[in-house]
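**Student:** Would you mind keeping the following structure in view while I ask a few things?
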Number of protein chains: 2
Amino acid sequence: MAPHGDESGAAEEATVVGAEKRPISTIVILIAMQTEALPVVNRFQLVEDQNSLFPKGVPWVRYYGTYKDLNINLIWPGKDPSFGVDSVGTISASLVTYASIQALQPDLIINAGTAGGFKAKGASISDVFLASEVAFHDRRIPIPVFDLYGVGLRPAFSTPNLVKELNLKVGKLSTGDSLDMSQQDEATIFANDATIKDMEGAAVAYVADILKVPAIFVKAVTDIVDGDKPTAEEFLQNLAAVTAALDQTVCQVVEFVNGKCLADL
Amino acid sequence: MAPHGDESGAAEEATVVGAEKRPISTIVILIAMQTEALPVVNRFQLVEDQNSLFPKGVPWVRYYGTYKDLNINLIWPGKDPSFGVDSVGTISASLVTYASIQALQPDLIINAGTAGGFKAKGASISDVFLASEVAFHDRRIPIPVFDLYGVGLRPAFSTPNLVKELNLKVGKLSTGDSLDMSQQDEATIFANDATIKDMEGAAVAYVADILKVPAIFVKAVTDIVDGDKPTAEEFLQNLAAVTAALDQTVCQVVEFVNGKCLADL
C-alpha cells in the first residue's frame, strides 16, 4: 500500500503546485450581509443568477460576472426564510462555502465583511484588516484535543505581496455566533490573540481547509469591542460608512488578484 | 403572476401531503460521535460506504443497509482531519445534514445522540428524550429580529404516536457549540425552557427545515447540567453506558417507523 499512497500523495502535491502556478481564474467572494454585498455587486456590475446553482429552498444568492481575466462569483447567504434577516453566522457561512466550492470549484475564496476590532490591539473604526489566522471563541469543549478542535485555529492563505501592495493591516481573527461578547468569549479571544472579531471567518476557513481551497479574509471594523459604546448600536451606526471602505478594499484585492497565480499573492 | 404562484403553492402542498401518506422508505440517522454510532451500525448490520457519496477531503462516513422496508443511512461526520476527534458541533452537523439530504433525499431524518439534562426539568442520567422543539443558546444577536434568528426556535416533526407507543420522555432541546455552560448560555437555555442540551440538534433542524425534510431528535442524557459534577467528567464517565440506552431507543424508533407514513408517526 505504501508506494500507492506515496504516488497518490505526490500526484496531489503536483496538482496543488500546478494550481499555485496557474493564473487564478474563478473566485468566490462570500459576504454575509446584503448591505456589505451590494456595493461590490454594483462595482463589478455582477448580475443575479436566476437559475440558482443551489437547491430549492435555500435563500443563498449568487451574483456573477467577469472582470478582466476573472470569473467573479459573489455569494450572499440571503435572507433567512423564517425571519427575513440576513443569514449571518457560522452555519450559513459553512453551508454556502461548501455549496459554492462544490458548484464552482473556485481557485480562491475571499470572505469579506465587517468585524469588531480591539483598540488594545491597534484597531480603529473603518480599518480594513487581512486576517493572518482564524479561530473560534465560542466552542468550549474542555476535553483534551476536543478543546483544540473547538478553537479550530487555522492560518489564512498566505498573501505577503497582497498585504505589501495594498498596505493592509494584518491581524488575527476570532469568530463566534454572537454579536456581543461574554466573559468566556473574551477570555478565548484573548487566548486567540485576536485583533478582530466576526461571525463567519473561522467557519469559512474550516470548510475551505477540508476541501483544500485557499481562503483569505478581508474584514472592515464597524465597532470597537473594547470601547465604551454598546456593540449593536455602534455596529448599526457605522455599517453603511464602513461598507464603503470594505468595498474599496475588496475591489483592490480583486484587481491585485487578476492575472496572478496563487503563488504570486 | 398570482395564479402561477397559487398553482405552484398548491402543487407543493399536494406533494407534501402525498409524502405524508406514502410509507417511509429512506431514513437518515445522524449521529455525531463514533461511540454513539457504532452500536446502531452493528445492530442493523450496516456496512460502510466505500465509494463515498461525499466529496474528497470531508471525513463524513455513511453506513447503510436495509431493515424490513427501510433504507437506512447512518451518517457520522467522522474524525476531524486536523485533530483526529469526532467532528462534533453545529457546523459539521449542518454540513452533513445538507450533503445527506442532497445525496439521499430521505423521507425522515433522525438526529440521535447524547445530551446534558436538567434535573430541575425532570431529566435523569440515561433518560432518552424526544425533542418537541429545538433552539440555539449561544447565538446572541441583540438587534430586533436578528435576536429571534439567532435563537432559531423550531418545532421538531410531530410524532404523537411514536411518543405514546415508546413511552418516551418529551422535552425541549437547546443547542450550542460548547460542552460547558456559561452564564449567558444558562440564561438563554432557561428562556428556551429546555430540558436537554446538546451540540447539534438545532443545526440539523435548521437545515432540515430549509430543505423541507422532517426531522426528529432522540437524545440520551449523559450528564446532569444543573448537578454537582463537572460536565466533561460526568459525560465521559457515562458515555458508554448511556449509549446502550440510546441504541435501544433508536432501534425501537426505526422499528416503529418501518411500514408507516409520516402522518402515522
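**Student:** Within 10 Å of each Cβ in B:177-187, how many Cβ atoms from other chains are there, averaged over the peptide?
**Tutor:** Average neighbour count from other chains, rounded to a whole number: 5.
**Student:** What translational diffusion coefficient, in µm²/s and rounded to a whole number, does the Stokes-Einstein relation yield for segment A:104-184 at 25 °C and a viscosity of 0.890 mPa s, taking the hydrodynamic radius as the Kirkwood radius over Cα pairs?
**Tutor:** 168
**Student:** Taking only DSSP H segments of four or more residues, each worth -39500 (n - 2.57), what value at 222 nm results for chain B once the sum is divided by all its residues, to the nearest 500 deg cm²/dmol?
**Tutor:** One gets -12500 deg cm²/dmol as the mean residue ellipticity at 222 nm.
**Student:** Let me ask something else. What number comes out for the charge environment of B:Val257, summing +1 per Lys or Arg and -1 per Asp or Glu over other residues with Cβ under 14 Å away?
**Tutor:** Cβ neighbours under 14 Å give a net charge of -3.
**Student:** Oh, and also: For segment B:75-84, in order, what is each residue's ³J(HN,Hα) by Karplus, 6.51 cos²θ - 1.76 cosθ + 1.60 with θ = phi - 60°, in whole Hz (x at glycine and Pro)?
**Tutor:** Couplings: 10, 10, x, x, 8, 4, x, 8, 10, x Hz.
**Student:** Take the alpha-carbon centre of segment A:185-254, take the same for segment B:195-231, and report the distance between them in whole Å.
**Tutor:** Value for the Cα centre distance between the two parts: 29 Å.
**Student:** If you don't mind, there's one more thing I want to ask. For the pair A:Lys212/A:Ala241, report the inter-label distance in nm, with labels modelled 7 Å from Cα in the Cβ direction.
**Tutor:** 4.6
**Student:** Computed on alpha carbon atoms, what radius of gyration and Dmax characterise segment A:20-114, expressed in Å?
**Tutor:** Looking at segment A:20-114, its Cα Rg and Dmax stand at 12.8, 44 Å.
**Student:** A follow-up question, please. Check cross-link reach from B:Lys79 to the lysines: straight Cα distance under 16 Å, and skip same-chain residues fewer than eight apart.
**Tutor:** Reachable lysines: B:Lys56.
**Student:** While we're on this one: Starting from the exponent 0.38 and prefactor 2.2 Å, build the expected Rg for segment A:183-265 from its residue count and divide its actual Cα Rg by it.
**Tutor:** 1.32
**Student:** Just going by the charge dipole of chain B, with Lys and Arg at +1 and Asp and Glu at -1 on Cβ, which of B:Ile143, B:Ile224, B:Pro106 is farthest out on the positive end?
**Tutor:** B:Pro106
**Student:** Skipping prolines and chain starts, which residues have an amide H placed within reach, meaning under 5 Å, of the one on A:Thr114, given they are 5 or more residues away or on another chain?
**Tutor:** Here the answer is A:Ala220, since their amide H atoms fall under 5 Å of that of A:Thr114.
**Student:** Ordered by residue, what ³J(HN,Hα) values in Hz, to whole numbers, does segment A:248-265 give under the Karplus form 6.51 cos²θ - 1.76 cosθ + 1.60, where θ = phi - 60° and Gly and Pro are x?
**Tutor:** Ordered by residue, 3J(HN,Hα) equals 4, 5, 4, 5, 5, 5, 4, 4, 5, 5, 4, x, 9, 8, 3, 5, 8, 6 Hz.
**Student:** Express as a percent, rounded to the nearest 5, the fraction of DSSP beta bridges in segment A:121-265 (both residues included) that run antiparallel.
**Tutor:** The antiparallel proportion sits near 35 percent.
**Student:** Could you pull out the trypsin sites (Lys or Arg not before Pro) across segment B:45-116 that fall in loop regions by DSSP (anything but H, G, I, E, B) with no more than 15 other Cβ atoms inside 10 Å?
**Tutor:** In loop regions of segment B:45-116 (DSSP not H, G, I, E or B), the sparsely surrounded trypsin sites (Lys or Arg not before Pro) are B:Lys56, B:Lys68.
**Student:** May I ask you to list the residues of segment A:206-241 whose amide nitrogen lies under 18 Å from a point 7 Å from Cα along the Cα→beta-carbon direction of B:Gln102?
**Tutor:** A:206-214
**Student:** Considering only DSSP beta bridges with both partners in the protein assembly as shown, what is the antiparallel share in %, to the nearest 5?
**Tutor:** The answer is about 40 percent antiparallel.
**Student:** Now a separate question. How many percent of Cα pairs in chain A exceed 27 Å?
**Tutor:** For chain A, the share of Cα pairs beyond 27 Å comes to 36 percent.
**Student:** Among A:Leu211, A:Ala240, B:Asn71, which residue has its Cα furthest toward the positive end of the charge dipole of the protein assembly as shown, with +1 on Lys/Arg Cβ and -1 on Asp/Glu Cβ?
**Tutor:** Selected residue: B:Asn71.
**Student:** For the protein assembly as shown, count the residues as N, evaluate 2.2 N^0.38 Å, and divide the Cα radius of gyration by that value, please.
**Tutor:** Cα-based Rg divided by the globular estimate yields 0.97.
**Student:** Ok, one more. If you restrict to DSSP beta bridges whose two residues both lie in segment B:24-264, what percentage is antiparallel, to the nearest 5?
**Tutor:** 40
**Student:** Over 23 Å between Cα atoms, which of A:Lys164/A:Lys229; A:Lys164/A:Lys212; A:Lys121/A:Lys169; B:Lys119/B:Lys219; A:Lys119/A:Lys229 qualify?
**Tutor:** Long pairs (Cα-Cα over 23 Å): A:Lys164/A:Lys229; A:Lys164/A:Lys212.
**Student:** Something else: Cross-link partners among lysines for B:Lys68, C-alpha distance below 20 Å, same-chain residues fewer than 8 apart left out?
**Tutor:** Candidates past the 8-residue exclusion: B:Lys21, B:Lys260.
**Student:** Next question. Treat every Asp and Glu Cβ in segment A:7-156 as -1 and every Lys and Arg Cβ as +1, leave all other atoms uncharged, and give the resulting dipole magnitude about the Cα centre to the nearest 20 debye.
**Tutor:** So the dipole magnitude of segment A:7-156 works out to roughly 320 debye.
**Student:** Same structure again: Between the alpha-carbon centers of segment A:42-68 and segment B:122-148, tell me the distance in whole angstrom.
**Tutor:** 34
**Student:** Averaged across B:76-88, how many Cβ atoms of other chains sit within 10 Å of each residue's Cβ atom?
**Tutor:** Average neighbour count from other chains, rounded to a whole number: 4.
**Student:** Counting partner chain Cβ atoms within 10 Å of every residue's Cβ in B:146-152, what's the average?
**Tutor:** 6
**Student:** Oh, and also: Through the Karplus equation 6.51 cos²θ - 1.76 cosθ + 1.60, θ set to phi - 60°, convert the phi angles of segment B:210-217 into ³J(HN,Hα) values in whole Hz; use x for Gly and Pro.
**Tutor:** 5, 9, 6, 10, x, 9, 10, 10
**Student:** Moving on to the next point. Taking the Cα centre as origin and putting +1 on Lys and Arg beta-carbons and -1 on Asp and Glu beta-carbons, what dipole magnitude results for chain A, to the nearest 20 debye?
**Tutor:** It comes to approximately 380 debye.
Read-outs throughout are calculated quantities, based only on the coordinates presented, and are distinct from any laboratory measurement. Everything quoted here is computed from the prediction, not taken from an experiment. All Cβ positions, glycine included, derive from the backbone under ideal geometry; neighbour counts span all protein chains shown.
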